[in-house]
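Please read the structure below before turning to the comments.
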């Protein structure tokens with residue numbers, strides 16, 4: 001080995017130095033570096049787990065949010081439909097009430113008109129009889145006696161009433 005330029009004592013010394021150096025580095029630097037690398041790896045894993053957990057929670061919250069929104073939309077739609085249905089029902093009830101009231105008022109007015117017409121007809125008949133009686137008394141006082149006048153007036157009244165009844169029919 002001496003021919004190669006290597007001295008055995010120096011080689012052994014360097015091997016011992018190298019071994020001591022590796023031992024010292026292993027004890028002093030390698031373990032702390034490994035420990036810090038391991039700590040960093042754990043922190044990264046925790047961060048990834050936290051991120052994954054946060055993503056899952058966010059997805060869960062999004063799903064809940066969407067569910068709540070859908071439910072609120074359904075409830076709003078149902079409330080709107082109920083309101084429309086109630087509005088239509090109220091409209092129909094009001095129309096029915098209005099029609100009934102109009103019908104009732106129409107019947108009442110027709111009845112009042114008929115009663116008034118009958119009153120007017122009775123008044124006209126009464127006045128007509130009075131006028132006819134007065135005319136007969138003035139025109140034929142001497143020709144007919146009281147009893148004959150009375151019968152003639154009654155016949156005329158019956159004829160007037162029949163004519164009036166035909167007009168009403």
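Compactness check for the range 8-168: Cα Rg over 2.2 N^0.38 Å is 3.94.
On full extension, the segment bounded by residue 85 and residue 66 gains 4.0 nm, given 0.36 nm per residue less the C-alpha separation.
Taking the longest Cα principal axis of the chain as reference, the axis of helix 31-139 is set at about 0 degrees. Geometric descriptor of the range 1-59, per residue, is 81 Å³ (volume of the convex hull of the Cα atoms).
Run the numbers for residue 128 and residue 15: contour at 0.36 nm per residue of separation, minus the present Cα-Cα distance, in nm. Working it through step by step, the gained length comes to 24.6 nm. Between the Cα long axis of helix 8-25 and the first principal axis of the chain there is an angle of about 30°, rounded to the nearest 10. Each helix, a run of at least 4 DSSP H residues, gives -39500 (n - 2.57); summed and divided by the residues of the chain, these come to -33500 deg cm²/dmol at 222 nm.
The label-point distance for residue 96 and residue 108, in a model that sets each label 7 Å from Cα toward Cβ, rounds to 2.1 nm.
Only the coordinates and a few stated rules stand behind these numbers; no lab work does. What you see is a predicted model; the values in this text were computed from it and never measured. All Cβ positions, glycine included, derive from the backbone under ideal geometry; neighbour counts span all protein chains shown.
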